[in-house]
Amino acid sequence: MKNKYAVLLFLATSLAFGQDAPVVKAKSWEVGGYGGFTRGEGQTNGLFGANFGYAVTKALFPYLEFNYFPTMAREIGIDRNLFNGTSYQTSVTEVNSGIHYRFAPRPGSRFVPYLIGGVGFLRYPAGNLTIGVKRPGNPDLPVEASVAGATGASVNGGAGLRIYVTERFGFRTEVKAYKPFVSGATLTGNGAAGTVGLNRAFTRIAFGIFWQSN
């Protein structure tokens, strides 16, 4: 009896998957959420975000995206003869928009690859950090310094893959490289003066789900 139910379940699943081909067409919209990680300044950190998109044609899919990076490492520019301190940890929020160029799926395939190009804005909040004042022959003296907030533009590009579970629901994974154009934030405090570099490129890898309309 158990074998009978197993065979029926297998047949039902096979039929369901066989009938649900990806819907890739114009005038449909999509919402999704995702998580993942970034890689930059030699460190790996997490992220999460959400997106909305609308298909102008089968191939051209404009989107709007919001990302939140809880922690991102940024390089400190400071007089190394006087101070120690190599990186600054900060949260980052980002909004960007752009285009997915979707390739038509092969007959019977559930995979829809796409290319990405976009522009956006990054926001680095103000914060604090501890740096070390060098004292020859003695341990560094820790002092608190303040970092000003900053906002600036960025460009991004990459590629992704949608994997359809049903006609309208599935999983999405993508890789994007970011190039920020943000002036260095000012670092000041207790005799320390310098900048935090916010214009270094970083990579974002994301995994998530999506749902699209008819």
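The values are calculated or read from the model by the stated rules, or taken from the named source; none is laboratory data. Computed from a predicted model, the values in this text were never measured in an experiment. Quick reminder, even Gly has a Cβ in these numbers, built from the backbone with ideal geometry, and neighbours come from all protein chains shown.
Failed condition for ARG74, given (1) assigned to a strand (DSSP E or B); (2) at positive phi, with all others met?
(2)
Among the residues of the stretch 80-99, is any assigned to a strand (DSSP E or B) and more than 29 Å from THR151 (Cα to Cα)?
No, the stretch 80-99 contains no residue that is assigned to a strand (DSSP E or B) and more than 29 Å from THR151 (Cα to Cα).
Looking at the stretch 68-105, which of its residues are among the basic types (Lys, Arg) and at pLDDT 85 or above?
Listed by number, the list holds a single entry, ARG102.
So, in the stretch 115-152, of the ones that are surrounded by fewer than 15 Cβ atoms within 10 Å (Cβ to Cβ) and among the β-branched types (Val, Ile, Thr), which residue ends up nearest to THR93 (Cα to Cα)?
Taking the candidates together, the pick is THR151.
Could you list, in sequence order, the residues of the stretch 178-198 that are surrounded by 15 or more Cβ atoms within 10 Å (Cβ to Cβ) and either at pLDDT 85 or above or assigned to a loop (DSSP other than H, G, I, E, B) (or both)?
Within the stretch 178-198, TYR178, PRO180, VAL182, GLY184, LEU198 qualify.
Step by step: first the residues of the stretch 24-56, then only those that are in a strand (DSSP E or B) and among the polar types (S, T, N, Q), then the one that is farthest from PHE169 (Cα to Cα). Which residue is that?
GLN43
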